[in-house]
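Participant: Below is the structure I would like to discuss, written out as structure tokens.
The values are calculated or read from the model by the stated rules, or taken from the named source; none is laboratory data. Please read all numbers here as calculations on a predicted model, not as lab measurements. With ideal geometry, Cβ positions are generated from the backbone for all residues, glycine too; neighbour counts draw on all protein chains shown. Calculation scope for accessible area: heavy atoms of the full protein, side chains included, ligands and nucleic acids excluded. Shrake-Rupley method; radii C 1.70, N 1.55, O 1.52, S 1.80 Å.
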Amino acid sequence: MTRWQLAVIAMLAIGTRGAMAAAPSPITARDAWFRYLLPEIPAGGFVTLHNAGASPAVLTGVRSAACGMAMLHRTVNRSGVDRMKMAPSVTVPAHGDFRFAPGGYHIMCMQPHMKPGEAAAVTLLFAGLPPMVVKFAVYGADGRPAAP
């Protein structure tokens, strides 16, 4: 093979790798919001994730500058008492949704730095996919947008 042919093959390989890295994530987010109470009380984050891909997507963690610490949690009812339990990951099914909702899975935001009416950026970390930044609306105790 000539040098010219090797150079063309190398450029094609680099171009293909770049195109593969730029592939869009199959995950989208909607209805993202935090229920904020007070700075010393954890805020709960809720969102619906949709996976348009043919394989399940595993959410392995979250981070946000609006939280002193952010983690995946779920509410578990034992003998009539709700308890919070850390979730190491959640799986968004292929061609399906996963919903973080009050009373179920949620993002636990310890030491929240936010106010109702603002938006808080949250980075979602997936196994084998690029991180995804989602803007969460910040609501008050009633879980509704602030009145204009």
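Participant: For segment 87-107, enumerate the residues that are at pLDDT 95 or above and farther than 18 Å from Arg30 by Cα.
Facilitator: Across segment 87-107, the qualifying residues are Ala87, Pro88, Ser89.
Participant: Just wondering, is there one or more residues in segment 20-27 that are modelled with pLDDT of 95 or more, open to solvent by less than 60 Å² (accessible area, probe 1.4 Å) and closer than 30 Å to Ala101 by Cα? Step through it out loud before you land on a result.
Facilitator: Residues of segment 20-27 that are modelled with pLDDT of 95 or more, as a first pass: 26-27.
Among the residues that remain, those that are also open to solvent by less than 60 Å² (accessible area, probe 1.4 Å) are: 26-27.
Add one more test, that the residue is closer than 30 Å to Ala101 by Cα, and what stays is 26-27.
Yes - at least one qualifying residue is present in segment 20-27.
Participant: Can you name the number of the only condition in (1) modelled with pLDDT of 95 or more; (2) open to solvent by 50 Å² or more (accessible area, probe 1.4 Å); (3) farther than 21 Å from Pro130 by Cα that Tyr36 fails?
Facilitator: Going through (1) modelled with pLDDT of 95 or more; (2) open to solvent by 50 Å² or more (accessible area, probe 1.4 Å); (3) farther than 21 Å from Pro130 by Cα one by one, Tyr36 breaks only (2).
Participant: Scan segment 37-59 and tell me whether some residue there is among the charged types (D, E, K, R) and under 16 Å from the mean Cα position of the chain (by Cα). Working first, answer last.
Facilitator: Here is the first cut: in segment 37-59, the residues among the charged types (D, E, K, R) are 40.
When the remaining residues are screened for being under 16 Å from the mean Cα position of the chain (by Cα), the result is none.
Looking for residues that are among the charged types (D, E, K, R) and under 16 Å from the mean Cα position of the chain (by Cα), one finds none in segment 37-59, hence no.
Participant: Could you identify the single residue in Ala66, Ala54 that is surrounded by 15 or more Cβ atoms within 10 Å (Cβ to Cβ) and not in a strand (DSSP E or B)?
Facilitator: Working: Ala54 fails: surrounded by 15 or more Cβ atoms within 10 Å (Cβ to Cβ).
So the residue among Ala66, Ala54 that is surrounded by 15 or more Cβ atoms within 10 Å (Cβ to Cβ) and not in a strand (DSSP E or B) is Ala66.
Participant: Oh, and also: Conditions first: (1) assigned to a strand (DSSP E or B); (2) modelled with pLDDT of 95 or more; (3) open to solvent by less than 80 Å² (accessible area, probe 1.4 Å); (4) not aliphatic (A, V, I, L, M). Arg30 passes all but one, so which condition is the exception?
Facilitator: Of the numbered conditions (1) assigned to a strand (DSSP E or B); (2) modelled with pLDDT of 95 or more; (3) open to solvent by less than 80 Å² (accessible area, probe 1.4 Å); (4) not aliphatic (A, V, I, L, M), the odd one out for Arg30 is (3).
Participant: List, please: which pairs have Cβ atoms under 9 Å, are six or more places apart or on different chains, and start with a residue in segment 85-101 that is more than 12 Å from Thr60 (Cα to Cα) and end with one that is of a type in the set (A, V, I, L, M) and outside any strand (DSSP E or B)?
Facilitator: Here the result reads Ala94/Ala52; Ala94/Ala54; His95/Ala52; His95/Ala54, each pair linking segment 85-101 to a residue that is of a type in the set (A, V, I, L, M) and outside any strand (DSSP E or B).
Participant: Go through segment 86-136 and give me each residue that's open to solvent by 20 Å² or more (accessible area, probe 1.4 Å) and in contact with a Cys (Cβ under 8 Å, 6 or more places away or on another chain).
Facilitator: Once the filter is applied, which keeps residues that are open to solvent by 20 Å² or more (accessible area, probe 1.4 Å) and in contact with a Cys (Cβ under 8 Å, 6 or more places away or on another chain), segment 86-136 yields Met110, Gln111, His113.
Participant: Any residue in segment 122-148 that is touching a residue at least 24 places away in the same chain (Cβ under 8 Å) and among the polar types (S, T, N, Q) sitting within a Cβ distance under 9 Å of a residue that is surrounded by fewer than 13 Cβ atoms within 10 Å (Cβ to Cβ) and not in a strand (DSSP E or B)? List the pairs, counting only those 6 or more apart or interchain.
Facilitator: So the pair list comes out as Thr123/Pro131.
Participant: Follow-up. If I ask for residues that are assigned to a loop (DSSP other than H, G, I, E, B) and within 29 Å of Val81 (Cα to Cα), which ones from segment 116-144 would you list? If you could, list the steps in order and put the result at the bottom.
Facilitator: Step one: list which residues in segment 116-144 are assigned to a loop (DSSP other than H, G, I, E, B), which gives 116-118, 127-131, 140-144.
Hits for segment 116-144 are Pro116, Gly140, Ala141, Asp142, Gly143, Arg144.
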